[in-house]
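Quick notes on the structure that follows.
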Amino acid sequence: MSRFIASVATASVVALLAACQPAAEAEDSAQSDSGPHVVAATDIAAGRYMVLVGGCNDCHTPAYARTGGAEPPESEWLKGSTEGHTGPWGTSYGKNLRLTVAGMTEDEWVEKLTTGTSLPPMPWPSVRAMADTDKRAIYRYIKSLPGEVGVPAPADDPLGTAGPARPNA
């Protein structure tokens with residue numbers, strides 16, 4: 001009898017522990033992330049957080065880095081920049097991400113961030129390592145921004161001829 005009671009007690013404990021496990025969350029994308037990703041009240045809030053901590057505005061929003069984030073207002077974020085970044089690669093410009101997402105689906109955005117390449121200072125290794133759910137959250141955040149999408153940023157100059165003169169090395 002005591003074995004029976006012990007078996008029933010063990011089964012009850014196992015059942016209770018199983019019931020305490022969190023239910024698997026349904027993913028709204030075809031691909032789920034089993035690794036680390038941002039958790040926020042909404043996917044748009046998660047995307048905004050990723051844009052802020054990822055430094056996206058530093059290159060993709062004019063005056064943002066120069067003013068320590070004080071300018072411009074959020075309604076003007078991610079419209080690209082004419083402020084060039086010059087280095088051994090030439091001169092590159094932060095693209096207008098609003099125009100980019102306006103012309104693609106969410107799945108195309110995720111693919112672009114998974115396979116993309118361009119000139120520095122774009123941190124492609126970090127972007128490619130990002131969870132797909134975070135890439136989708138950024139897309140949704142950018143799509144949620146109010147106002148006009150803006151105009152294209154200048155084309156990159158990989159030879160550096162558009163940037164400041166550099167001494168011959």
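The values are calculated or read from the model by the stated rules, or taken from the named source; none is laboratory data. Values in this document were obtained by computation on a predicted structure and should not be read as measured data. Because the Cβ atoms are built from the backbone with ideal geometry, glycine has one as well, and the counts that use them run over all protein chains shown. For the accessible areas, the whole protein counts, side chains as well, though only heavy atoms, and no ligand, DNA or RNA atoms are used. Shrake-Rupley method; radii C 1.70, N 1.55, O 1.52, S 1.80 Å.
All conditions but one from (1) in contact with a helix residue (DSSP H, G or I) (Cβ under 9 Å, 6 or more places away or on another chain); (2) open to solvent by less than 50 Å² (accessible area, probe 1.4 Å); (3) not in a helix (DSSP H, G or I) apply to residue 98; the one that does not is (3).
Restricting attention to segment 70-95, the residues being charged (D, E, K, R), closer than 19 Å to residue 138 by Cβ and in a loop (DSSP other than H, G, I, E, B) number 1.
Among the residues making up segment 109-119, those that are open to solvent by 20 Å² or more (accessible area, probe 1.4 Å) and modelled with pLDDT of 95 or more are 111, 112, 114, 115.
Among the criteria (1) assigned to a loop (DSSP other than H, G, I, E, B); (2) open to solvent by less than 60 Å² (accessible area, probe 1.4 Å); (3) under 29 Å from residue 39 (Cβ atoms); (4) out of contact with any strand residue (DSSP E or B) (no Cβ under 9 Å at 6 or more places or on another chain), the one residue 146 does not fulfil is (2).
The numbered conditions (1) over 20 Å from residue 157 (Cα atoms); (2) part of a helix (DSSP H, G or I); (3) touching an Asp or Glu at 6+ places or on another chain (Cβ under 9 Å) are all true for residue 112 except (3).
Checked against the criterion of being part of a loop (DSSP other than H, G, I, E, B), open to solvent by 30 Å² or more (accessible area, probe 1.4 Å) and charged (D, E, K, R), the candidates 48, 66 yield just one match: 66. When residue 88 is tested against (1) surrounded by 15 or more Cβ atoms within 10 Å (Cβ to Cβ); (2) out of contact with any Pro (no Cβ under 6 Å at 6 or more places or on another chain); (3) not hydrophobic (A, V, I, L, M, F, W, C), only condition (1) is not met. The residues of segment 107-142 that are over 12 Å from the mean Cα position of the chain (by Cα) and of a type in the set (Asp, Glu), listed by number, are 107, 108, 111. Across segment 32-48, the qualifying residues are those that are touching a residue at least 40 places away in the same chain (Cβ under 8 Å) and not small (Gly, Ala, Ser), and the one among them that is nearest to residue 154 (Cα to Cα) is 48.
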